[in-house]
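Take a look at the structure below.
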Amino acid sequence: MITEFASRRGSNLTDRAISMRLLRYARRYFFLLILSSVANAEPIKIQFWHSMSGAKGKLLGELIEEFNKTNEGKIHAFVQFVGNYEEGLNKTRTAMLAKRGPHVVQITDIGTQVMVDTGRTTPLQDFVEKDPSFPTDQILPQVRRYYEVGGRWQSLPFATSNPILYYNATLFAKAGIPAAPKTFTELRSIAKKLTNPQTKSTGLTWPLHSWFFEQFLARQGQPLVNPDNGRNGHRAMEANFLRPEAVGFVQLWADMVKEGTFSNVGRGWDPAVQNFLAGRSAMLVTSTSDVFEIANK
């Protein structure tokens, strides 16, 4: 079973629905590149770097293949996987320093300002202003704002996600727990009920990634950095690591590890998911992008 627990700026559309919609948008903007280029008999070649692996990478490959078939003889996109989000960002910045790099790149949303600072990117806003038919109303304001700097839309949201709580309904029923937790207090209490030292099973796990710290701050109405996560036209100058909300969340996390109710499975995204799917943790907090894969296993 799945329930929303930690909210972000993102959409809960499935990956395929999002990707198909983005493909249609991408066609339009790739054609803008054609219109702004010198006429050439050869197809326009576009290098696209991304960080989608596994099933998501396979889906992206299918979408690009469809795009190339639709635009055969006019434009051809070449896809290259460049590692996870952090690796992809670093490789792109390194390439830019050498005046190389891709035409289009997928960058983690929190890297928006970093990319703008390179001075080598073209704001999406420039294209949107030339196309009145661009469906801006179909993108959630919270999502759009996260890709804006100085009030201008810098990039197109792609595979935007937020954390949600997945829970094992069978284990909940056996423990007599009627519903998923809605507060930190309930989360800790339910995790205790679902923890069994004899079977070495815990109540909760999530990937050890800084994203969750950011997201649980957002859930409490607090930005990660001041002012306003750098979205109000002013550069972020201060991190909110010592705010009561931040300290409280980290303390909760540490206490649950000490209690043995939280399974610390190390860095990376997959170990926590596999721990949940194997029944070793009754609850899992991770990205909405994993809904399809988890629901089908």
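The values are calculated or read from the model by the stated rules, or taken from the named source; none is laboratory data. These numbers were taken from a predicted model, which means no experiment stands behind them. So basically every Cβ, Gly included, is an ideal-geometry build from the backbone, and we count neighbours across all protein chains shown.
Selection of region 45-103 for residues being of a type in the set (Ser, Thr, Tyr), closer than 18 Å to Thr118 by Cα and in contact (Cβ under 8 Å) with a residue 24 or more places away in the chain yields Tyr85, Thr92. Looking across region 131-171, the residues that are free of Cβ contacts under 8 Å to residues at least 24 places away in the same chain and not in a loop (DSSP other than H, G, I, E, B) come down to Thr136, Asp137, Pro141, Arg144, Thr170. May I ask you to verify whether Thr202 is over 23 Å from the mean Cα position of the chain (by Cα), outside any loop (DSSP other than H, G, I, E, B), crowded, with 19+ Cβ neighbours inside 10 Å and not hydrophobic (A, V, I, L, M, F, W, C)? For Thr202, the condition - over 23 Å from the mean Cα position of the chain (by Cα), outside any loop (DSSP other than H, G, I, E, B), crowded, with 19+ Cβ neighbours inside 10 Å and not hydrophobic (A, V, I, L, M, F, W, C) - is met.
From the list Lys69, Lys91, the one residue that fits, being assigned to a helix (DSSP H, G or I) and under 20 Å from the mean Cα position of the chain (by Cα), is Lys91.
Considering only residues that are surrounded by 17 or more Cβ atoms within 10 Å (Cβ to Cβ) and under 15 Å from the mean Cα position of the chain (by Cα), look in region 47-59 and name the one that is modelled with the highest pLDDT. So the residue we want is His50. Looking across region 254-268, the residues that are closer than 24 Å to Gln220 by Cα and crowded, with 19+ Cβ neighbours inside 10 Å come down to Met256, Thr261, Phe262, Ser263.
Within region 39-63, the set of residues being farther than 14 Å from Val105 by Cβ, in a helix (DSSP H, G or I) and in contact with a strand residue (DSSP E or B) (Cβ under 7 Å, 6 or more places away or on another chain) comprises Gly57, Gly61. In a residue-by-residue description of region 174-193, the property of being assigned to a loop (DSSP other than H, G, I, E, B), of a type in the set (Ser, Thr, Tyr), closer than 18 Å to Gln215 by Cβ and without any contact (Cβ under 8 Å) to a residue 24 or more places away in the chain applies to at least one position. Would you confirm whether any residue within region 72-92 is modelled with pLDDT of 90 or more, polar (S, T, N, Q) and over 29 Å from Ser210 (Cβ atoms)? Within region 72-92, none of the residues are modelled with pLDDT of 90 or more, polar (S, T, N, Q) and over 29 Å from Ser210 (Cβ atoms). Just give me the residues in region 96-124 being surrounded by fewer than 17 Cβ atoms within 10 Å (Cβ to Cβ), of a type outside the set (Val, Ile, Thr) and not in a loop (DSSP other than H, G, I, E, B), in sequence order. Leu97, Gln113, Asp117, listed by residue number.
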